[in-house]
Amino acid sequence: MLPLRQLWVILKKDILLELRTKEMILSMFIFVLLTMLVFDAAFMADKNDLTTFGGGLLWLAFIFMSFLGLNRSFVHEKDEGCFDGLLLSPIDRSIIYVAKMLGNLILISVVEAAAIPIFTIFFIRYPYYAHWDHLWPFVVGVVLGNFAIAGVGTFVATLAINTKRREQLLPILGFPLLYPVMGPIVIISGTMMGGKIGALAAKQVAGSMQILVAYDIVFFVAMAMIYDMVLGE
Amino acid sequence: MREIEVNNLNKYFGRRQVLKQINFSVKKGAFLSIFGPNGAGKTTLVKILSTLERPTDGQVTIAGAVLGQDPTQIRKRIGLISHSPLLYLDLTAYENLEFYGTLYGVAGLKERAEFLLDQVELTHRRHDLVRTFSKGMQQRLAIARALMHQPSILFLDEPYSGLDPHAVDILDGLIDSIRADHTFVMVSHNLDKGLSLCSDAMIIEAGRIIFHEDKKDIDVDEFQQVYRRSVRGEM
């Protein structure tokens, strides 16, 4: 039971610190709102109907927003050497990874939960949210996409923690690692928001889901296993 | 019985060798004070002993466990008080102790935290954010944090740095109260304090041990001369 308690106490600490400082969540939310303002200006000629390519634009905003937050996710740990305090503790390093990753996943998901309705209201003309057959694959796709971003992002943010250029390292290493799932994430969200689900599209979505699930499992397990190497052990 | 044993320890950062063929041991219950100029490798040595850095080569055994083979076992037995408090500034004093206590699986967590807060005279500030504490108060809380899991070996890296006289008295009192059943390794620039506390003294210069004696065999004047020459880089 101790590993679970350790995981929970790190996760609880991260959430508590974020609730008190709002360092990540505010900057992420403001960034995503500003991105939507840019979309509004850029696609005014099309009367802001982004139904056809909404998936791509949505994830463009979310991936940059996530990296902005992930860059800040180890700030508390760096303050006053807290990460050393964590590393001094007799806990399995994979527990640190899982706890930090879950914390990041929750924060990214909270910001997206606020941003998706705004994006939908202003840019999507098809009411995909009113159709259960469209809504659940959309939500599952978002959750799986967030899992991939949080998993890879937390791992790379740890790699970058002691480097001078950590804010550059995260996108430089993170984007190539996430590239294999960017297509599937966009296909799922775009198809569901577009509302045109024929047999071919349904097959594409199912295939994308499979790729995402496989990616999440493989990367999550691999990164949890090699996390102690990243920490220099 | 030897609590810490270091054999042929070397540490490189890139091409720069910061520790060169370090060999020493510390008996159970001993207090080793390590002196040396800035950049001598003292903090790197403490980081290796406390499992925060990996040696390039050599063997380190702490409390019977070999570093690199069983770090978790070592971590249960050691505590570190460094010049950084290792505390979360946006958690309260009590929350910090509760957090670290849970990571270590401390039994009777609340009682232990309250006891230590009382020992470091911070009970009245236990629900205040650490961010609002002075440097001295943060360092006192850092001492409580390091003692939460009742480690048998304590590493002290410049623990008196930034402390006011009252905090120095509290740290002295705490060290005194646990001295009998703990092993200490302290890095310090404060020669008088380090010599008054220690049972063994060591000087490191440019990554090498240039002096290591039992305190009772030390001629204090000679030791001070060796230390000053090492600080001036004349060794």
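Which members of the stretch B:99-113 meet the condition of being at the interface with another protein chain (Cβ under 8 Å from one of its Cβ atoms), assigned to a helix (DSSP H, G or I) and open to solvent by 10 Å² or more (accessible area, probe 1.4 Å)?
Result: B:T102, single match.
Against the condition within 16 Å of the chain's Cα centre (by Cα) and farther than 22 Å from B:T72 by Cβ, how does B:G36 come out, does it pass?
Here the answer is yes, as B:G36 does meet what is asked.
Among residues belonging to the stretch B:132-147 that are at pLDDT 90 or above and open to solvent by less than 10 Å² (accessible area, probe 1.4 Å), point out the one that is nearest to B:E111 (Cα to Cα).
B:A144
With the checklist (1) open to solvent by less than 40 Å² (accessible area, probe 1.4 Å); (2) within 14 Å of chain B (Cβ to nearest Cβ); (3) not polar (S, T, N, Q) in hand, flag the one item A:D79 doesn't pass.
Every listed condition holds for A:D79 apart from (1).
Which condition number in (1) within 14 Å of another protein chain (Cβ to nearest Cβ); (2) in contact with a Pro (Cβ under 9 Å, 6 or more places away or on another chain) is the one that A:F64 fails?
Only one criterion is unmet by A:F64, namely (1).
Mind checking which residues of the stretch B:71-81 are at the interface with chain A (Cβ under 7 Å from one of its Cβ atoms) and touching a strand residue (DSSP E or B) at 6+ places or on another chain (Cβ under 7 Å)?
Selection gives B:L80 alone.
Just give me the residues in the stretch A:85-105 being over 18 Å from A:L16 (Cβ atoms) and without any contact (Cβ under 8 Å) to a residue 60 or more places away in the chain, in sequence order.
Matches in the stretch A:85-105: A:L88, A:P90.
Taking A:A113 as meeting all but one of (1) in contact (Cβ under 8 Å) with a residue 40 or more places away in the chain; (2) closer than 17 Å to A:G69 by Cβ, write down the number of the exception.
Against the list (1) in contact (Cβ under 8 Å) with a residue 40 or more places away in the chain; (2) closer than 17 Å to A:G69 by Cβ, A:A113 comes up short only on (1).
Kindly evaluate B:P85 against the criterion of being facing chain A (nearest Cβ under 10 Å), modelled with pLDDT under 90 and open to solvent by less than 50 Å² (accessible area, probe 1.4 Å).
Answer is yes for this residue.
All but one of (1) more than 25 Å from B:P85 (Cβ to Cβ); (2) open to solvent by 10 Å² or more (accessible area, probe 1.4 Å); (3) at pLDDT 90 or above hold for A:A61; which doesn't?
So the condition that A:A61 fails would be (2).
Which condition from (1) more than 13 Å from every other protein chain (Cβ to nearest Cβ); (2) surrounded by fewer than 21 Cβ atoms within 10 Å (Cβ to Cβ) is the one that B:A93 breaks?
Status for B:A93: all satisfied but (2).
Would you check if there is a residue in the stretch B:56-66 being part of a loop (DSSP other than H, G, I, E, B), more than 9 Å from every other protein chain (Cβ to nearest Cβ) and within 17 Å of B:F155 (Cα to Cα)?
yes
For the structure I just gave you, tell me whether B:S161 is surrounded by fewer than 20 Cβ atoms within 10 Å (Cβ to Cβ), touching a residue at least 40 places away in the same chain (Cβ under 8 Å) and of a type in the set (S, T, Y).
Criteria met by B:S161.
The values are calculated or read from the model by the stated rules, or taken from the named source; none is laboratory data. What you are looking at is a predicted structure, and each value in this text was computed from that prediction instead of being measured. Because the Cβ atoms are built from the backbone with ideal geometry, glycine has one as well, and the counts that use them run over all protein chains shown. Please note that ligands, DNA and RNA were not included when accessible areas were found on the heavy atoms of the full protein model with its side chains. Shrake-Rupley method; radii C 1.70, N 1.55, O 1.52, S 1.80 Å.
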